[in-house]
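*Asks:* The structure under discussion is supplied below as structure tokens; questions concerning it will follow.
The values are calculated or read from the model by the stated rules, or taken from the named source; none is laboratory data. Predicted model, so just to flag it, every value in this text is computed and none were measured. All accessible areas refer to the heavy atoms of the entire protein, side chains included, with ligands and DNA or RNA removed. Shrake-Rupley method; radii C 1.70, N 1.55, O 1.52, S 1.80 Å.
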Amino acid sequence: MNKKNGLSRYRRLKLVEAFCADLTASQSAALLGLNRNTVNRYYRLFRARIHAHQLSLKEKMAGSVEVDESYFGPARPRGQYAPRKRGRGSSKQPVFGILERDGRVFTEIVPDVKKKTLQRIIRGQVALDATIISDGWQAYNGLVDVGYDAHLRLTKYYDGPTRFADGDVHINGIEAFWSFTKRRLAKFNGVSKNFELHLKECEWRWRKDRDTLKRELWLLLVKSLPKYLRWRH
């Protein structure tokens, strides 16, 4: 037992396993016989380290790169009875996403989905020799003019949401990520004060199996904690 850390190495490892299995703090506390506040404290530590790790990734995305925006939160604010809105024009929180095919995904909470906002992020995250694939939203206009090799767009009916893929011209990858993220966040009551931590956690979890998650998280914890808290003890 490490007195300063509060839990034995065995229990810490079990907490890592439970976290990587995507169990909630309540589920982990019941399974491991721990106080829920203790589990929450460790989960916050895990998420903070994952968040820092995701933000530290500086290599720009290359190859075929999909971009898209999505919206999180209730369809209408509590207590209001206006018609429900989806997507642009709703009261939901916009999030911009970039996915490198067969690679990683990047997300950022944004104040709006205007051209200046989205293209600033694209220029910061995507290599100029990449092929960018998007829908027809006007914010993506002019990407080739600012130096990108290629920009391919989906077409869709002007009066409906149906998108038409043409071979490799699709954004199925980033849309699958949005679906995965929204299903996960439903367990944590959607958008909350910890929304960004959960969002970065979804980036980190994307397309990884449980064993890979466990190895990566353990390594992050061993490298990041002060010496007296080192998890190898």
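*Asks:* Using a 1.4 Å probe, what is the accessible area per residue for segment 97-211, in Å²?
*Replies:* 54
*Asks:* Which far-off residues, 5 or more places away or on another chain, put their amide H under 5 Å from the one on VAL126, with H placed in the peptide plane?
*Replies:* Long-range HN contacts for VAL126: MET61.
*Asks:* Cross-link list LYS187/LYS208; LYS116/LYS214; LYS193/LYS214; LYS60/LYS116: which exceed 30 angstrom alpha carbon to alpha carbon?
*Replies:* Over 30 Å apart, Cα to Cα: LYS116/LYS214.
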